[in-house]
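Single-structure report; data block below.
A short reminder: the numbers here are calculations on the coordinates, not readings from a lab. These numbers were taken from a predicted model, which means no experiment stands behind them. When we count neighbours, we look across all protein chains shown, and the Cβ atoms used for this are built from the backbone with ideal geometry, even at glycine.
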Amino acid sequence: MDAWAKIGSRYINLSNVCEVHVRERPRSAKLFFIGGGCVHLDEDDTCDIVSVLDPRTVVPEGGHRTVIQLASGNK
């Protein structure tokens, strides 16, 4: 992502954001930037970042587990 987004009273370059953690209760977010910086967002700013990121992001699927049934003689 190489776009600037206005979040609250600040502008954030989304190309520098590498991870976003959103907490539902209380509603807040923490943005992690390339290079190690981070910023905490309050409830209003969290709604803004979520609305900006929703159409641009994909939530990774959970891990898949394969179950292999062994023959009845094997333990």
Distance in nm between label sites at residue 40 and residue 56, each 7 Å beyond Cα in the beta-carbon direction? 2.4
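Are there GluC sites (Glu not before Pro) in segment 1-73 that DSSP puts in a loop and that have at most 12 other Cβ atoms within 10 Å, and which ones? Show your work: numbers first, answer last.
Working: sites: 19, 24, 43, 61; in loops: 24, 61.
Sparse-neighbourhood loop GluC sites (Glu not before Pro): 24, 61.
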Full-stretch length increase - residue 22, residue 67 - with 0.36 nm per residue and alpha-carbon distance subtracted: 13.0 nm
Angle, helix 43-53 long axis vs. longest principal axis of the chain, Cα atoms, 0 to 90°, nearest 10? 70
Restricting to Cα pairs under 8 Å and 6 or more apart, the percent relative contact order of the chain works out to 19
